[in-house]
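The values are calculated or read from the model by the stated rules, or taken from the named source; none is laboratory data. This structure is a prediction, so every number in the text was calculated from the model and none was measured. Heads up, the Cβs are rebuilt from the backbone with ideal geometry, glycines too, and the neighbour counts pull from every protein chain shown. Remember, those area values only see protein heavy atoms, side chains included, never the ligands or the DNA or RNA. Shrake-Rupley method; radii C 1.70, N 1.55, O 1.52, S 1.80 Å.
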Amino acid sequence: MNELIRFIKVRRIAVPQRISILPEIITNKIAAGEVVERPASVIKELIENSLDADAGDITVEIAAGGRRLIKIIDNGHGMSREDALLSLERHATSKIRTDSDLDGILTLGFRGEALPSIASVSRFRLATREAASLEGTEIIVEGGRVKDVRACGMAPGTVITVEQLFFNTPARLKFLRSAETETSHVGDTVARMAISRPDVAFTCISDGRELLRVQRGDLRRRLSQALGKDASRDLHSVNSSDHGITITGFISGPNTVRSTTSSMFTYINGRFVRDRVVQHAIMQAYRGVIDRGRYPIVALFVTLPPGEVDVNVHPTKHEVRFRRQPVVHDTLQNALAEVLRRSPWLTHPLTPASPGGSTTSQAHLERIAAAAQASLNLPRRETPFYASKNTAGKGAAMPVAATATPFESAAVSEPATPFRTETTGRESHGYFSSLSIIGQFHSEYILCQSGSELVVIDQHAAHERVAYQRLRQQCETSGIESQRLLFPETVELSFTETAVAQRFQEDLGQIGFELEPFGGNTIIIAAVPRMAAGNASIQLVRDILAELVTLGTSAAFRERLDELLARIACHSVVRGVHPLDNRQIAELLHSMDETDFAASCPHGRPVSHVITLGELEKIFKRT
Ligand code: ADP
Ligand code: MG
């Protein structure tokens with residue numbers, strides 16, 4: 001660089017200066033753009049620092065979702081006055097010193113960016129004291145400018161206060177969502193960090209209300225505190241080590257699933273990471289065990305030598321790069337598959353257990369369950385009936401989370417099919433009613449004839465389509481019929497789900513849900529859309545809330561209405577095999593004609609398929 005300047009001076013070249021090195025106050029702001037997206041990201045960085053400082057107790061306080069105030073108090077090793085001042089400089093870190101240290105990172109932080117970035121976009125106060133020192137140091141920074149440095153009295157540890165985040169970056173401020181949404185992000189962040197370190201006590205307080213308080217303990221206890229008892233009942237421990245990769249933690253059985261990945265907590269060397277390789281390995285292990293579009297609850301810790309993984313891929317470190325990606329993938333998949341293979345839900349006498357073989361499919365088990373229930377003329381419930389005495393005798397953990405609740409048997413006397421008798425006896429002249437019924441195939445498909453064509457109808461997709469259309473009609477006319485549950489269900493939700501349930505309480509009321517807050521993250525399901533009553537209402541509510549997570553306003557709710565109705569429709573119909581007699585088939589065909597029938601179900605799958613005589617003749621080589 002100097003060479004260049006000298007060259008320019010000697011030659012007296014008049015160069016218009018286009019380029020200049022930015023002052024630090026601006027580079028910090030730019031760095032903040034990457035690291036500090038919202039209050040939750042500030043909290044992530046600050047908790048990481050507290051953990052790196054060996055804190056055993058961390059308290060997070062926020063006001064107005066963290067927009068007004070974020071405060072983190074820890075009892076870690078604190079900083080001297082000199083270090084405290086240095087910590088606010090860009091690229092100032094105590095965690096690495098040399099280039100080679102980058103290959104062996106054992107701390108959560110190492111970039112030396114968080115504190116100066118946060119301080120550059122807020123009114124910031126750092127107070128810190130080392131245990132051996134008599135007094136602490138307090139530093140006040142505003143928009144990146146140090147305003148005051150003084151001694152202060154305080155307990156050993158560090159207190160960081162961030163007020164009016166983004167006060168000097170209006171563009172960023174605009175991107176912040178409502179206080180509830182930001183609070184739910186904060187809650188999720190604290191939960192993630194709390195799950196990663198059960199040996200550290202965490203408290204999170206929002207506008208004076210306690211969101212989370214967890215004592216030191218083991219991982220299982222931590223999970224039940226952070227995710228709720230419902231979620232943690234059906235967890236199975238993973239503990240394996242292969243190829244230098246250790247995998248520990250818990251995974252849920254196939255009855256405890258979610259419709260999003262939000263309950264998949266995965267950590268690489270202690271760091272919460274959403275990684276495609278890890279995610280894929282987990283889903284591969286569950287393939288055939290849970291339905292598509294469903295995700296397990298997992299808290300998994302993958303530990304490998306620091307040199308095997310590059311955490312310096314992304315400023316927020318949410319992504320990593322593995323040196324031996326396929327090995328990590330397969331080791332993880334095998335570890336989980338092994339746990340799933342020896343777990344109780346797969347060893348019912350009805351299904352031949354296959355010890356070293358492939359896992360038995362959940363869909364298959366559901367079919368057996370449905371067939372058995374249908375033959376007994378019982379309502380279809382999410383009863384893990386295949387967890388019979390046989391397996392219970394082995395003393396293994398049972399998938400009890402989805403057992404039938406008294407309400408289901410009390411409130412429902414027959415399977416909730418949308419095409420019940422209401423259509424019967426009426427004349428209808430549509431395409432489907434004109435078909436002559438041949439019968440049912442595999443208790444899943446309806447076979448009909450139309451002239452020289454064979455019409456195959458997916459009865460589940462057809463039911464779903466009819467249910468969906470009925471819901472739409474109800475919505476447009478009288479409103480969606482709601483049914484109060486005889487025995488309301490309580491359900492523990494995540495922070496995000498709770499916030500969503502509150503935000504859309506009224507809108508949800510319009511589509512038949514009555515959800516009442518019950519303190520903390522628990523809500524009561526008092527009523528659900530009548531059409532879906534009798535099936536697993538907790539799962540339905542969770543699915544609906546998952547649809548709403550990304551929405552901010554009631555207007556967005558209305559835009560999403562069709563998808564919500566499709567969800568309800570999906571929950572209202574009998575899944576898997578379901579024997580129908582000809583009268584029931586005729587009813588279904590009638591209902592199909594009465595709906596505005598675009599020949600696919602709300603999920604976009606086709607409802608019917610035509611095979612022509614010509615096609616059959618070709619198969620049999622008659623042409
Ligand atoms: P990094 O964590 O990447 O090193 P930060 O900007 O987050 O960078 O922090 C800078 C330095 O300040 C850290 O390396 C650490 O030495 C010190 N520090 C930050 N927070 C704390 C804390 N809560 N307790 C003790 N030291 C801290
Ligand atoms: Mg840090």
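Remarks
- Percent carbon-and-sulfur accessible area, the stretch 9-111, ignoring ligands, DNA and RNA, probe 1.4 Å: 51
- Applying the criteria of a DSSP loop state and at most 12 other Cβ atoms within 10 Å to the chymotrypsin sites (Phe, Trp or Tyr not before Pro) of the stretch 162-259 yields no site.
- Heavy-atom accessible area order for Thr477, Thr128, largest first, 1.4 Å probe: Thr477, Thr128
- Computed on protein heavy atoms with a 1.4 Å probe, the accessible areas place Tyr267, Tyr445 in the order Tyr445, Tyr267, largest first.
- Apportionment of accessible area to carbon and sulfur, the stretch 441-580, percent (1.4 Å): 49
- Cα-Cα over 27 Å, subset of Lys29/Lys147; Lys29/Lys71; Lys29/Lys174; Lys147/Lys317: Lys147/Lys317
- Normalising the Debye intensity of the stretch 171-272 to I(0), with uniform scatterers on Cα atoms only, and taking log10 at q = 0.14 Å⁻¹ returns -0.64.
- This model, with +1 at the C-beta of Lys and Arg and -1 at the C-beta of Asp and Glu, gives the stretch 17-138 a dipole about its Cα centre of some 700 debye.
- With N counted as the residues of the stretch 507-610, its alpha-carbon radius of gyration over 2.2 N^0.38 Å works out to 1.27.
- Taken per residue, the accessible surface of the stretch 498-623 reaches 45 Å², heavy atoms only and a 1.4 Å probe.
- Area of Glu163 that stays accessible when all protein chains are in place (1.4 Å probe, Å², to 10): 90
- Remark: the stretch 175-279 carries a charge dipole of roughly 100 debye about the Cα centre, counting +1 on each Lys and Arg Cβ and -1 on each Asp and Glu Cβ.
- Protein heavy-atom surface of the stretch 210-283, 1.4 angstrom probe: 44% of the accessible area is carbon and sulfur, with nucleic acids and ligands not counted.
- Dipole in debye (nearest 20) - the stretch 279-343, about Cα centre, beta carbon charges: Lys, Arg +1; Asp, Glu -1: 160
- Of all aspartates and glutamates in the structure, the ones whose alpha carbon falls short of 20 Å from that of Lys618, not counting any fewer than 8 places away in one chain, are Glu453.
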